[in-house]
Each structure stands twice: as C-alpha cells, then as structure tokens.
Amino acid sequence: MEQSLLREDELMAGIDKEKILIEEVKVVQDIIKRMASNSFSVKTWTITLIVATLLFKGTNNHILIAFIPLFTFWFLDSYYLQQERLFRQVHNWITTYRLNNNDELFNMNPIRFKDKVQTVPMIMFSISTLPFYGGIFIMLISYIVIVYFKYLVLLKDCLLRYSGV
C-alpha cells in the first residue's frame, strides 16, 4: 500500500513538473513574440517618421533631421532583436535543463546568456538589420545628393548667365 502511494506521489510530482515546464515555456514564448512584435513596430515607425520628416517644407537642412529617427530606431530595433535572441537562449535552456532539474524555476533573467548573444552594435550591422536600415540610409544620402546637386546646378547656371559667358 505504501509503495503504491509513493508511486502516486512521484507521478503527481512528474505531472506538476510537466505543467510547470509547459507554463514556463509559454511565458518565454510570449516574451519572444512580444520582442518580435516590438521589432516590427519599430520598423513601421521608422518609415513613417522618415517620410513625415522628408515631407516638411522649409530649408533643405530638414532632410538631415531624417537621420535622427533612422539611427534611433535602428539602435532600438537591434536592442529588441538582442532581447529576442537572449530569450531564445532562455527557452533553449529551459527545454534542455529543466527536464532534469528543479532549481531556478521561472528564472527569466536572460543576463546569464549575454555572452552567447551578439552585442547591440554588432546586431546593428548584422544581416538581420543592415539591409533594411542601410537601404534607408543609402536612400537618404542619395536624396540629399540629388537635392543639393540640383541647387548646385542651378547656382552654376545663374553664375554662368550673369557672368556673361
């Protein structure tokens, strides 16, 4: 009789452990989804604010203001991507380590995996973010060159016209 009760307790502990593992994995997956959603939102805000900045009328120096949201959101997107990668490390740790151990239950602190994930500046120039933000950077530089080149050509034409050549 005692042996059957002991097996029942072990079975219940296994079920509780399984429920805890499932809940822990769900929490980490929700965090990863939220980081990915934040990253997508940052990209949409980047495009929106850069286009809004370029639509301002005034001096041509307003074009330079477009670089502020570009670099700010580039950094922020890279930060969210780093956090997502850190929590993927937490997820992998939970699914491999938690099956055999009960210590550090619901420890979601990703700092312990910081050495396994790239730094934010490295992520800024990785294949994940550089094509998007680098492409916008190149387009802004091209736009500046076109705008200022147009004014240089107009200035040259005026100088040639009024110099009598």
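The values are calculated or read from the model by the stated rules, or taken from the named source; none is laboratory data. Everything numeric in this text was worked out from a predicted model, so none of it was measured. No Cβ is skipped: glycine too gets one built from the backbone with ideal geometry, and neighbour counts run over all protein chains shown.
Do we have PHE113 as touching a His at 6+ places or on another chain (Cβ under 6 Å) and aromatic (Phe, Trp, Tyr) here?
In short, no.
Using beta carbons and a limit of 9 Å, which pairs, at least six apart or on different chains, have the first residue in the stretch 145-159 and part of a helix (DSSP H, G or I) and the second one surrounded by 10 or more Cβ atoms within 10 Å (Cβ to Cβ)?
What qualifies is VAL147/ASN60; VAL147/ILE63; TYR148/ASN60; TYR148/ILE63; TYR151/ASN60.
Could we say that ASP157 is farther than 30 Å from LYS17 by Cβ and surrounded by 12 or more Cβ atoms within 10 Å (Cβ to Cβ) here?
Spelling it out, it is not the case that ASP157 is farther than 30 Å from LYS17 by Cβ and surrounded by 12 or more Cβ atoms within 10 Å (Cβ to Cβ).
Determine if the stretch 94-111 includes at least one residue that is at pLDDT 85 or above, surrounded by fewer than 14 Cβ atoms within 10 Å (Cβ to Cβ) and aromatic (Phe, Trp, Tyr).
No.
Could you grab me the full set of residues in the stretch 88-136 that are closer than 17 Å to ALA36 by Cβ, more than 17 Å from the chain's Cα centre (by Cα) and part of a helix (DSSP H, G or I)?
VAL90, HIS91, ASN92
Kindly indicate the residue of the stretch 53-72 that is loosely packed, with under 12 Cβ neighbours inside 10 Å and free of Cβ contacts under 8 Å to residues at least 40 places away in the same chain and also nearest to PRO121 (Cα to Cα) among those meeting that condition.
ASN61
Mind checking which residues of the stretch 29-77 are hydroxyl-bearing (Ser, Thr, Tyr) and under 30 Å from GLN89 (Cβ atoms)?
SER37, SER39, SER41, THR44, THR46, THR72
Closer than 14 Å to VAL90 by Cβ, among the basic types (Lys, Arg) and in a helix (DSSP H, G or I): is that true of LYS26 in this structure?
Criteria met by LYS26.
Can you pull out every residue in the stretch 1-14 that is surrounded by 10 or more Cβ atoms within 10 Å (Cβ to Cβ) and either among the aliphatic types (A, V, I, L, M) or at pLDDT 90 or above (or both)?
LEU6, LEU11, MET12, ALA13
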